[in-house]
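So the structure is just underneath, and the comments pick up after that.
The values are calculated or read from the model by the stated rules, or taken from the named source; none is laboratory data. The structure presented is a predicted model; accordingly, all values stated were derived computationally and were not measured. Note that each Cβ is placed from the backbone with ideal geometry, even for glycine, and that neighbours are counted across all protein chains shown.
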Amino acid sequence: MTDTLEAIGTDLRNAFVAVIDALPDGPPTPTPLSLQLDINRVIASRLLNAIAQRDPYEVLHRLPGPNSLRAIVDAATQFDVSRTDCDAAHHAIDRFAGIIRDQFGTRSALNAAISAQNAGLQQRFEASSRYHVYKGMRQVLGVAADVWLTSMTFVPSHADDEFLDITTIHGALGMRRLRPDANVSFTFGPPHHGPNDPPELDRSPVGLQEFYTNRPATLATHLEDGRLVHRLVEDSIGRHAVVDMLAVSHNARGSLRYATPERRRGGVALFADIPVKTLICDALLHKDAFPGAEPEFIAYNPGARGPANPNDPSRDRDRIDVPERIESLGTAADRFNVACLPNYASMVARVCAKLKHAPDDFRVYRMQMAYPVHGFQFVMAFDAPTRH
């Protein structure tokens, strides 16, 4: 199959290079070509962009559809383009249309299949697909935001040497309701805990509102099923009703410090509770938290089985392959400079002061994603050290 697709992409590129080169007035740009052939400028731009590629899969992904390609060849026949070149183009188009119809059913299915052929193509396909999901979910749920932030700090617990305390900045920035009836809330707490070890959660008294770039949202917070639930209690809508909605939550003894047979890994697990344009997920690790470990990024489609535990191999079948990777920022001086979070460094400094640590005490790992799929779970998993 891949050999056939590669051949079709190569033949289409060669055929249309010949057709376009045969047109008068030299190498065209989109606007002159659209006027010359009386075609849509967007179609002309897509064609020229596609045939400029060397990778046949890039050509297939970028080309207009078969009907548009046929219209281009038919329009080119009125100029000094040879019958041989036009026939070669029509033959390549017929093969293109045939494999879409007979093997894939739709053009979007073809694009999905070829997206795995190179990293750049997969990343663009993922971003485009996730953008469409974002647009749909913001209408369905009646809410959207510019940024979702989860910034989780791990420090050894003073109360119990076997545990790490977790303090988290989390929530939405640049958020607005699209409908007054939309229920907006987000939760904090470990997705997995036994009945005999409930988490010790509280909403930290640390305030971050002075670092917001929009009006602070009014929140009501309560404990539900071992998790903190923060709910937006106002119902303003409209383009000027944009709010920032962050909470700082603290989970004493939130994570085992050392590996056990049942739990070899710990780290960050999150859901973006509303549709957002950008997800920022940071893990801030004290030198004695997961020492020497490098994280694995895992995306899950948990479905009806609920939040996934990265220590449970049965959940591997729920994994989703995504192109994003974790960036190790170490202790670089600019590691808290994030364009979409203009006051993030000040927020981190405020939380660190509450923990009686300096920001320099923490190494940072970051995962940044455009248009994370609502309902997916994202995990940054670190191997826990062995207790000596």
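For this structure, a couple of remarks:
- Candidate set from the stretch 158-179 (those that are in contact (Cβ under 8 Å) with a residue 40 or more places away in the chain and more than 27 Å from the chain's Cα centre (by Cα)); member that is nearest to Thr218 (Cα to Cα): Asp165
- Subset of the stretch 266-302 (residues that are in contact with a Ser or Thr (Cβ under 8 Å, 6 or more places away or on another chain) and β-branched (Val, Ile, Thr)): Val268, Ile280
- Any pair with Cβ under 6 angstrom, 6 or more apart, that starts in the stretch 129-151 at a residue that is farther than 30 Å from Leu285 by Cα and ends at one that is surrounded by fewer than 21 Cβ atoms within 10 Å (Cβ to Cβ) and small (Gly, Ala, Ser): Gly142/Ala182; Val143/Ala182
- Test: residue in the stretch 358-370 that is surrounded by 15 or more Cβ atoms within 10 Å (Cβ to Cβ) and either assigned to a loop (DSSP other than H, G, I, E, B) or not assigned by TED's automatic domain parsing to the domain that holds Arg264 (or both): no
- Condition check for Ile72: buried (at least 18 other Cβ atoms within 10 Å of the Cβ) and over 24 Å from Leu121 (Cα atoms): yes
- Filter result (surrounded by 17 or more Cβ atoms within 10 Å (Cβ to Cβ) and within 35 Å of the chain's Cα centre (by Cα)) within the stretch 1-15: Leu5, Glu6, Ile8, Gly9, Asp11, Leu12, Arg13
- Candidates Ser34, Ser45, Ser68: the one that is closer than 19 Å to Ile114 by Cβ, without any contact (Cβ under 8 Å) to a residue 60 or more places away in the chain and among the polar types (S, T, N, Q) is Ser68.
- Residue check, Pro205 of a type outside the set (Gly, Ala, Ser), closer than 29 Å to Arg335 by Cα and modelled with pLDDT under 75: yes
- The listed residue being over 27 Å from Arg54 (Cβ atoms) and within 20 Å of the chain's Cα centre (by Cα), out of Gly136, Gly105, Gly120: Gly136
- Criterion (part of a strand (DSSP E or B) and farther than 30 Å from Tyr258 by Cβ) met by exactly one of Gly120, Gly174, Gly98: Gly174
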